[in-house]
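Report on one structure; see the data block that follows.
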Amino acid sequence: MMAPRITAMTDKAAQARPRDGVLAFLPALALALAGLAALSGHALMRGGASGQYLVLTRPGLPDAMVIDMVYRAGGGVMAFGWLPGAVLTLSDQPDFPDRMRRAGAWGVLAAPGNLGCAATARGGAA
């Protein structure tokens with residue numbers, strides 16, 4: 001006589017395992033995302049070199065218009081970022097961020113770190 005085959009429990013356990021495996025990674029994923037957000041926030045909010053700014057403009061705005069906008073606000077363009085509308089600028093005017101916002105910039109942030117060998121004064125880069 002053959003023993004009855006018991007499969008109902010093993011089938012249910014096998015079906016629950018893949019889902020349990022994914023759920024086991026959720027705390028690690030949440031911790032990784034929180035760490036990434038904290039590092040990104042720190043990198044963007046720390047003080048950078050004096051006079052260097054990250055300017056965010058409307059994506060798709062022609063480069064010539066952005067250069068003119070920065071020049072009229074009392075600054076110069078160091079480089080265009082790889083994100084559309086992101087521009088690295090340099091200015092020794094203390095009201096440069098306000099003037100850029102009035103000119104139409106979406107945001108002006110102090111550059112996160114020294115983003116190049118440039119100085120706002122004739123004394124040279126520090």
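The values are calculated or read from the model by the stated rules, or taken from the named source; none is laboratory data. These figures come from a predicted structure and were not determined experimentally. Positions of Cβ are generated from backbone atoms using ideal geometry, with glycine treated the same way; all protein chains shown enter the neighbour counts. Surface areas here come from the heavy atoms of the whole protein model, side chains and all, with no ligands, DNA or RNA. Shrake-Rupley method; radii C 1.70, N 1.55, O 1.52, S 1.80 Å.
Yes/no matrix, rows are residues, columns are (1) at pLDDT 70 or above; (2) surrounded by 10 or more Cβ atoms within 10 Å (Cβ to Cβ); (3) in contact with a strand residue (DSSP E or B) (Cβ under 9 Å, 6 or more places away or on another chain):
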site	(1), (2), (3)
R5	no, no, no
P27	yes, no, no
A32	yes, yes, no
M45	no, yes, yes
A49	no, yes, yes
L54	yes, yes, yes
D63	yes, yes, yes
W82	yes, no, no
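Can you find a residue that is at pLDDT 90 or above, among the aliphatic types (A, V, I, L, M), under 18 Å from A103 (Cα atoms) and out of contact with any helix residue (DSSP H, G or I) (no Cβ under 6 Å at 6 or more places or on another chain) anywhere in segment 69-76?
Checked segment 69-76: at least one residue is at pLDDT 90 or above, among the aliphatic types (A, V, I, L, M), under 18 Å from A103 (Cα atoms) and out of contact with any helix residue (DSSP H, G or I) (no Cβ under 6 Å at 6 or more places or on another chain).
Where residues in segment 84-122 are open to solvent by 80 Å² or more (accessible area, probe 1.4 Å), in a loop (DSSP other than H, G, I, E, B) and over 23 Å from S40 (Cβ atoms), which of them is modelled with the lowest pLDDT?
Going through the qualifying residues, I end up with R122.
Run Q15 past the list (1) at pLDDT below 70; (2) assigned to a helix (DSSP H, G or I); (3) under 30 Å from M100 (Cβ atoms) and report the number of the one that doesn't hold.
Checking Q15 against (1) at pLDDT below 70; (2) assigned to a helix (DSSP H, G or I); (3) under 30 Å from M100 (Cβ atoms), the one that fails is (3).
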